[in-house]
């Protein structure tokens, strides 16, 4: 069973508890995690970026569900928005403190991702995160969760649909897009990023509009299915996992 704690000491960092809620193995019940999501979902801000983008960031994790040590390898990369070259990479390896539960992915991955973000010297102006934003049953996928906790613009870049249906038939050309509708509202955009590949699901994370989120993702394409920010984060997380040997 899991029990919720909200006590945070002044000396403790946001990533230690994913403020305002502390969760650790053996301390959080499923229903309480759901309530945390609902509360944080109310804090999501839908607005365009106020400043120009100089540095774009990507976040991803690498892990094995069958790893007996249950390690998470999390990476955040910073890229120049002008030429999409990596300017900094930060990675951490940690033992997970929350189990894999569909719909609660952010509780498992966000603490490690935030810690990797905190290590960056060059902080991104916007983060592209592998996973859902508001396109989530409770409006708080990992991109929104991290965006609210860090209070920076974030974009959800997911590889499959979690909720909603496409509003029509998506074109085959790169750049083709269709709204994803759920409960009568547009919650994401289905975007063709590579010809012959399945589309990505782009959604608002925090402090950005859907239109701007899609434009940023398109700007980050370099011929691959994934935008360069999350592609490089994926590469970094896998490299970090392969380079580490877990010890208790």
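Here are a few things to note about the model shown:
- Sorted by Cβ density within 10 Å, fewest first, the residues 51, 60: 51, 60
- Difference of contour (0.36 nm per residue) and Cα-Cα distance, residue 181 to residue 54: 42.5 nm
- Computed from the Cβ-Cβ distance with R0 of 35 Å, the FRET efficiency linking residue 94 to residue 45 stands at 0.75.
- FRET efficiency, 1/(1 + (r/R0)^6) with R0 51 Å, evaluated for residue 197 and residue 34 via beta carbons: 0.95
- Bridge type composition, the chain - antiparallel percent by DSSP, nearest 5: 80 percent
- The tail of the calculated P(r) for region 59-190 beyond 20 Å holds 50 percent of all Cα-Cα pairs.
- Considering only alpha-carbon pairs that sit under 8 angstrom and 6 or more positions apart, the relative contact order computed for region 90-154 is 30 percent.
- The chain: relative contact order as a whole-number percent, Cα under 8 Å and 6+ apart: 20 percent
- Report note on the peptides 119-132, 63-76: ranked by the mean count of other C-beta atoms within 10 Å, highest first, their order is 119-132, 63-76.
- Of the three principal axes defined by the Cα atoms of the chain, the extents in descending order read 48, 40, 37 Å.
- The C-alpha atoms of the chain define a longest principal axis, and helix 105-118 lies at about 90 degrees to it.
Just so you know, all these numbers are worked out from the coordinates, no wet-lab data involved. All figures in this text were calculated on a predicted structure; none of them were measured in a lab. Glycine gets a Cβ as well: all are built from the backbone with ideal geometry, and neighbour counts include every protein chain shown.
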